[in-house]
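*Asks:* Here's a structure for you.
The values are calculated or read from the model by the stated rules, or taken from the named source; none is laboratory data. This is a predicted model, so every value here is computed, not measured. Glycine gets a Cβ as well: all are built from the backbone with ideal geometry, and neighbour counts include every protein chain shown.
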Amino acid sequence: MTRKLYFDDSYALEFEAPAAPLVERPGATGVVLPATFFYPTSGGQPFDTGALGAARVVDVVEEDDGGIFHRLEGDPGAGPWKARIDAARRLDHMQQHTGQHLLSAAFVQALRAPTVSFHLGEETCTIDVELSGTARVGEAEALANQVIAEGREVRAFEVDPSEVEKLGLRKPPAARERIRVVEVADFDRSACGGTHVRRTSEVQLVKVLGVEKVREQARVEFVCGLRALRDYGVKHELLKGLAAKFTTAPAALGAALDKRLDEAAAQRRALEKLEQELAAFEADSAAASAQPVGGARLLVRAVEGRSAAYLRALSGKLKAKEGLVFALGTAQDAPAWIFGHGPGVELDLRPLWKEWCAAVGAKGGGQADLVQGGGLAAGTAAADALERAASALRAALGGGR
């Protein structure tokens, strides 16, 4: 069993480790030390990294027998070894984990919403809380940041399981042996084996980035400390850049965006009206060029430089033409296709469409007189796909291929 020195001092970043034999694990080589300040993955908090002698420590795992395996890259050399823990990673984990305790306690005190699970990720952290609505999440965030600003003491201590009940822990532990408790003065007590700062002010800031519903719970994404400051910096520069593009002050950017969005919506409506008018004109012109086939008239056309919306508008006009069968396609970034026919044509397009889609790599569906979809297999030209459609429709109308 390895003695967990990080329980005694989360700030220790260097120590001397006695020589120990290299041991093999599946896909890994490393050492099990008699005592270590390296934190193994546990309780939602990731492992420490660093160096052991000349080797890199790239993973730390607590094994079933209580030993802590340090996975190494490279040869550590002859022991004893100087061990060095990655200071930035350790501080980051301390800030995120202590910040999580503060935020989870704030959710309980402000919203009576206990935390179900915690994950400390590479970029952001999440907690799942028993919360039905998300409107008041800001109250918990504000309370956590108030406690941070007050610089309250954070301490860890061990207790016997018999003492747990009188401590009023935020979440009762499952352990039956001595229990490590992390306490934020006059605010929170929680069973925890992680690394933490000494005062809440060292967390600097807790910022909620987003909330989403996950089954019957709310998943709260957040960052603390230097992560929060980096997040602010990135978003501040982004906001300044956007404000400059809109030639407005950052505080007025929302109103400027609303104005541009309203203008864009008006332009789209005007464009749609023009497309409808153009589609009506083009439908008459295109129908006049349709070729007689088996008692009907067949039109196959590639519509260039137009949107899928225009294609649908054009098909709507063509579908009103007596005795007309048509196939339309547009080879834009996302190819779109519509087959249809007007009154007076007895033809179910669905079987033909299904066979054609399988041949050219398109997808979609519809009704007997109108089918539509999109897509095209790699290496298949839009012109070839339309020619295949024309051949299939001629055959279906009794005009041969």
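*Asks:* If I ask for residues that are within 19 Å of H341 (Cα to Cα), part of a strand (DSSP E or B) and touching a strand residue (DSSP E or B) at 6+ places or on another chain (Cβ under 8 Å), which ones from region 358-401 would you list?
*Replies:* G364, G365, G366, L370, V371, Q372, G373, G374
*Asks:* Take the conditions under 15 Å from Q95 (Cα atoms), surrounded by fewer than 18 Cβ atoms within 10 Å (Cβ to Cβ) and modelled with pLDDT of 95 or more and apply them to E153. Does it pass?
*Replies:* On the way: under 15 Å from Q95 (Cα atoms): yes; surrounded by fewer than 18 Cβ atoms within 10 Å (Cβ to Cβ): yes; modelled with pLDDT of 95 or more: yes.
When the stated conditions are applied, E153 passes them.
*Asks:* Also: Determine whether region 25-37 contains at least one residue that is at pLDDT 95 or above, under 27 Å from E202 (Cα atoms), hydroxyl-bearing (S, T, Y) and out of contact with any strand residue (DSSP E or B) (no Cβ under 6 Å at 6 or more places or on another chain).
*Replies:* Within region 25-37, none of the residues are at pLDDT 95 or above, under 27 Å from E202 (Cα atoms), hydroxyl-bearing (S, T, Y) and out of contact with any strand residue (DSSP E or B) (no Cβ under 6 Å at 6 or more places or on another chain).
*Asks:* If you don't mind, there's one more thing I want to ask. In region 177-227, what residues are in contact (Cβ under 8 Å) with a residue 12 or more places away in the chain, farther than 10 Å from T98 by Cβ and not in a strand (DSSP E or B)?
*Replies:* The answer is E177, R178, A185, D186, F187, G193, S201, Q204, L205, E216, L226, R227.
*Asks:* Return yes when K363 is among the basic types (K, R) and surrounded by fewer than 15 Cβ atoms within 10 Å (Cβ to Cβ) and no when it is not. Break it down stepwise before answering.
*Replies:* Working: among the basic types (K, R): yes; surrounded by fewer than 15 Cβ atoms within 10 Å (Cβ to Cβ): yes.
It is true that K363 is among the basic types (K, R) and surrounded by fewer than 15 Cβ atoms within 10 Å (Cβ to Cβ).
*Asks:* Here is a follow-up. Being in contact (Cβ under 8 Å) with a residue 24 or more places away in the chain, over 22 Å from V197 (Cα atoms) and in contact with a Gly (Cβ under 6 Å, 6 or more places away or on another chain) narrows it down to one residue among L33, L72, L22, L52; which is it?
*Replies:* L72
Quick grid of which residues meet (1) in contact with an Asp or Glu (Cβ under 9 Å, 6 or more places away or on another chain); (2) modelled with pLDDT of 90 or more:
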| residue | (1), (2) |
| --- | --- |
| L261 | no, yes |
| Q276 | no, no |
| Q291 | no, yes |
| S307 | yes, no |
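Here's the yes/no breakdown for (1) under 28 Å from Y39 (Cα atoms); (2) surrounded by fewer than 17 Cβ atoms within 10 Å (Cβ to Cβ); (3) hydrophobic (A, V, I, L, M, F, W, C); (4) touching a Ser or Thr at 6+ places or on another chain (Cβ under 6 Å):
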| position | (1), (2), (3), (4) |
| --- | --- |
| A110 | no, no, yes, no |
| L131 | no, no, yes, no |
| A144 | yes, no, yes, no |
| A149 | yes, yes, yes, no |
| G168 | yes, yes, no, no |
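So that you can scan it fast, the table gives a plain yes or no per residue for (1) within 29 Å of G373 (Cα to Cα); (2) touching a residue at least 60 places away in the same chain (Cβ under 8 Å); (3) part of a helix (DSSP H, G or I):
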| site | (1), (2), (3) |
| --- | --- |
| A244 | no, no, yes |
| T247 | no, no, no |
| A251 | no, no, yes |
| G254 | no, no, yes |
| P292 | yes, no, no |
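*Asks:* Could you say whether any residue in region 34-51 is outside the structural domain of R198 (by TED's automatic domain parsing), of a type in the set (S, T, N, Q) and more than 32 Å from the chain's Cα centre (by Cα)? I'd like the intermediate steps shown before the answer.
*Replies:* Of all residues in region 34-51, those outside the structural domain of R198 (by TED's automatic domain parsing) come to 34-51.
From the residues that got through so far, the ones that are of a type in the set (S, T, N, Q) too are 36, 41-42, 45, 49.
Narrowing further to those that are more than 32 Å from the chain's Cα centre (by Cα): 36.
Scanning region 34-51, I find at least one residue that is outside the structural domain of R198 (by TED's automatic domain parsing), of a type in the set (S, T, N, Q) and more than 32 Å from the chain's Cα centre (by Cα), so the answer is yes.
*Asks:* In addition: Find all pairs meeting these conditions: Cβ atoms under 6 angstrom apart; at least six residues apart or on different chains; first residue within region 128-142 and under 10 Å from V208 (Cβ atoms); second residue exposed (fewer than 14 other Cβ atoms within 10 Å of the Cβ).
*Replies:* Nothing qualifies.
*Asks:* From the residues in region 105-132 that are small (G, A, S) and more than 21 Å from the chain's Cα centre (by Cα), which one is nearest to A218 (Cα to Cα)? Explain how you work it out, then say what you get.
*Replies:* Residues of region 105-132 small (G, A, S): 105-106, 110, 113, 117, 121, 132.
From the residues that got through so far, the ones that are more than 21 Å from the chain's Cα centre (by Cα) too are 105-106, 110, 113, 132.
Numbers: A105: 15, A106: 15, A110: 15, A113: 10, S132: 7 Å.
Among those residues, the one meeting the criterion is S132.
*Asks:* Next question, about the same structure. Mind listing whichever residues of region 156-166 are surrounded by 10 or more Cβ atoms within 10 Å (Cβ to Cβ) and modelled with pLDDT under 90?
*Replies:* Across region 156-166, the qualifying residues are P161, E163, V164.
*Asks:* Further question on the same structure: May I ask you to verify whether P76 is of a type outside the set (K, R), in the same structural domain as Y11 (by TED's automatic domain parsing), surrounded by 19 or more Cβ atoms within 10 Å (Cβ to Cβ) and within 22 Å of R155 (Cα to Cα)? Break it down stepwise before answering.
*Replies:* Details: of a type outside the set (K, R): yes; in the same structural domain as Y11 (by TED's automatic domain parsing): yes; surrounded by 19 or more Cβ atoms within 10 Å (Cβ to Cβ): yes; within 22 Å of R155 (Cα to Cα): no.
Here the answer is no, as P76 does not meet what is asked.
*Asks:* Give the residues of region 8-56 that are among the small types (G, A, S), in contact with a helix residue (DSSP H, G or I) (Cβ under 7 Å, 6 or more places away or on another chain) and outside any loop (DSSP other than H, G, I, E, B), sorted by residue number.
*Replies:* Across region 8-56, the qualifying residue is only A35.
*Asks:* Turning to a different aspect of this structure: Just to be sure before I move on: is E355 part of a loop (DSSP other than H, G, I, E, B) and among the charged types (D, E, K, R) in the structure I sent? It would help to see each step written out before you state the result.
*Replies:* Values: part of a loop (DSSP other than H, G, I, E, B): no; among the charged types (D, E, K, R): yes.
No; evaluated as a whole, the condition is false for this residue.
*Asks:* Output the residues belonging to region 294-333 that are farther than 14 Å from G344 by Cα and part of a strand (DSSP E or B). Give the steps one after another, and end with the answer.
*Replies:* Step one: of region 294-333, the residues farther than 14 Å from G344 by Cα are 299-317, 327-333.
Selection gives L299, V300, R301, A302, A327, L328, G329, T330.
*Asks:* Can you say whether A286 is over 29 Å from the mean Cα position of the chain (by Cα), assigned to a helix (DSSP H, G or I), hydrophobic (A, V, I, L, M, F, W, C) and surrounded by 15 or more Cβ atoms within 10 Å (Cβ to Cβ), as far as the supplied structure shows? Walk me through how you get there before you give the answer.
*Replies:* Values: over 29 Å from the mean Cα position of the chain (by Cα): yes; assigned to a helix (DSSP H, G or I): yes; hydrophobic (A, V, I, L, M, F, W, C): yes; surrounded by 15 or more Cβ atoms within 10 Å (Cβ to Cβ): yes.
Taking the combined requirement at face value, the residue satisfies it.
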